[in-house]
Amino acid sequence: MLQKTLLISAIVIGFTMPASAQVADDYSAISVKFSAKAEQALNAGDAIAAQADYERALVADPANVNAMIGLGKSHEATGRTGKGLRYYRLALDMEPNYIPALEAQAIAFLKTGFADRASANLMILERLCPETCGAREAVAEAINAHTTKLAENTVIDSEKQ
């Protein structure tokens, strides 16, 4: 009797596994479509619509790291850099060495005055992509621009006094 029950259980599991995998693939595809739509909205300057579609993408697939990053960028676009940073942190919690998340987080760190944290991300990017890497170069340029701007502001402030 036990063997018959185990055999029936194995057959049922065998039939349901492909179906559940198909459902997961379907939700993943839906999530990718919402992310693409959100990216178009964000590029068109409609951060609110982008946020809604990125949220839909995450409902369909909570593991969509790119949707998490996009949601962070859309919050930044509406002036909520701190909230954007939270989404980059969540993305990095899912994939700690994900280059697009490290880049977005570093740029957001500079916007909030955390140049030291941006520099820490740059060091990680240098380790992850020792050759040329667009993210590494973008973060290095942003840090240099931030440093230059701070130096110029310091000179202007000292001239005023």
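Here are the numbers:
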{"quantity": "Residue within segment 54-61 that is outside the structural domain of T112 (by TED's automatic domain parsing), outside any loop (DSSP other than H, G, I, E, B) and of a type in the set (D, E) present", "calculated": "yes"}
{"quantity": "The listed residue being among the small types (G, A, S) and in contact with a Pro (Cβ under 9 Å, 6 or more places away or on another chain), out of A36, A91, A142", "calculated": "A91"}
{"quantity": "Options T147, T112: the member that is more than 25 Å from K83 (Cβ to Cβ) and either surrounded by fewer than 11 Cβ atoms within 10 Å (Cβ to Cβ) or outside the structural domain of L92 (by TED's automatic domain parsing) (or both)", "calculated": "T147"}
{"quantity": "Criterion violated by G79 - all others in (1) more than 20 Å from V65 (Cβ to Cβ); (2) assigned to a helix (DSSP H, G or I); (3) assigned by TED's automatic domain parsing to the domain that holds Y54 satisfied", "calculated": "(2)"}
{"quantity": "Qualifying positions in segment 81-109 - basic (K, R) and out of contact with any Asp or Glu (no Cβ under 9 Å at 6 or more places or on another chain)", "calculated": "R86, R89"}
{"quantity": "Search result, residues across segment 106-128 that are in contact with a Ser or Thr (Cβ under 8 Å, 6 or more places away or on another chain) and not in a helix (DSSP H, G or I)", "calculated": "T112"}
{"quantity": "Search result, residues across segment 31-51 that are in a helix (DSSP H, G or I), buried (at least 16 other Cβ atoms within 10 Å of the Cβ) and of a type outside the set (S, T, N, Q)", "calculated": "V32, F34, K37, A38, E39, A41, L42, A47, A49, A50"}
{"quantity": "K73 being under 29 Å from A115 (Cα atoms) and basic (K, R)", "calculated": "yes"}
{"quantity": "Pairs with Cβ under 6 Å, 6+ apart, first in segment 87-100 and under 15 Å from A135 (Cα atoms), second of a type outside the set (A, V, I, L, M)", "calculated": "Y88/G72; Y88/Q105"}
{"quantity": "Qualifying residue in segment 6-18 (condition: more than 25 Å from G82 (Cα to Cα) and modelled with pLDDT of 95 or more)", "calculated": "no"}
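Yes/no per residue for (1) of a type in the set (A, V, I, L, M, F, W, C); (2) surrounded by fewer than 23 Cβ atoms within 10 Å (Cβ to Cβ); (3) within 10 Å of the chain's Cα centre (by Cα):
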site: Y54; (1), (2), (3): no, no, no
site: A57; (1), (2), (3): yes, no, no
site: A63; (1), (2), (3): yes, yes, no
site: G79; (1), (2), (3): no, yes, no
site: G82; (1), (2), (3): no, yes, no
site: N97; (1), (2), (3): no, yes, no
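A quick yes/no check of all residues on (1) of a type in the set (G, A, S); (2) on the phi < 0 side of the Ramachandran plot:
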{"site": "A57", "(1), (2)": "yes, yes"}
{"site": "E76", "(1), (2)": "no, yes"}
{"site": "Y98", "(1), (2)": "no, yes"}
{"site": "E103", "(1), (2)": "no, yes"}
{"site": "G113", "(1), (2)": "yes, no"}
{"site": "E126", "(1), (2)": "no, yes"}
{"site": "R136", "(1), (2)": "no, yes"}
{"site": "N144", "(1), (2)": "no, yes"}
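The values are calculated or read from the model by the stated rules, or taken from the named source; none is laboratory data. As the structure is a prediction and not an experimental result, all values here were calculated from the model. Ideal geometry is used to build each Cβ from the backbone, glycine not excepted, and the neighbour counts take in all protein chains shown.
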